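The values are calculated or read from the model by the stated rules, or taken from the named source; none is laboratory data. In this text, all values refer to a predicted model and were calculated from it rather than measured experimentally. Ideal geometry is used to build each Cβ from the backbone, glycine not excepted, and the neighbour counts take in all protein chains shown. Note: accessible area is taken over every heavy atom of the protein model, side chains too, but ligands, DNA and RNA are not part of it. Shrake-Rupley method; radii C 1.70, N 1.55, O 1.52, S 1.80 Å.
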Amino acid sequence: MAKLNITVNKVRCIASGDCVETAPGVFQLDADDKSEVYNPTGAADNVIVAAARACPAKAITVVDEDSGTQLFPLPKK
């Protein structure tokens, strides 16, 4: 399990809750119904990336802190 830096762009978040459904141990909705990371180690890496992919607004970014590699969204080449 890599150390992941998970961020949610609150401006882009549309409160669909897809990330919470996919990784409830990592994401929750705040008082404004915007997604937030409350436990960055609450699920396996692949589940966290799947939750980011599930976001219809593409408001979640996942970066492997050890390598600096952005796992989602994939950087444009």
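At full extension, R53 and T7 could sit 15.3 nm farther apart than now, given 0.36 nm per residue minus the alpha carbon distance. Each of G68, G17, G42 was scored by the projection of its Cα onto the charge dipole of the chain, and the greatest displacement toward the positive side belongs to G68; charges sit on the C-beta of Lys, Arg, Asp and Glu.
Averaging the sequence gap over all C-alpha pairs within less than 8 Å and six or more residues apart, then dividing by the number of residues, gives the chain a relative contact order of 36 percent. Counting protein heavy atoms only, the chain has 52 percent of its accessible area on carbon and sulfur, 1.4 angstrom probe. On a 0 to 90 degree scale, rounded to 10, what angle separates helix 45-54 from the longest Cα axis of the chain? For 45-54 against the chain, the angle is about 50 degrees.
Looking at the P(r) of the chain, how many percent of alpha-carbon pairs lie beyond 17 Å? More than 17 Å apart: 35 percent of the Cα pairs in the chain.
Based on protein heavy atoms only, the stretch 1-50 ends up with 57 Å² per residue of surface accessible to a 1.4 Å probe.
Computed on the stretch 12-56, with alpha-carbon pairs under 8 angstrom and 6+ residues apart, the relative contact order is 43 percent. The count of lysine pairs in the chain whose Cα atoms are under 20 Å apart, excluding pairs fewer than 8 places apart on the same chain, comes to 5. One chain, two ends: Q70 and A31. Fully extended at 0.36 nm per residue, the span grows by 11.2 nm beyond their Cα-Cα distance.
Working ranking of peptides 23-29, 3-9 by packing, defined as the average number of other Cβ atoms within 10 Å per residue, highest first, is 23-29, 3-9.
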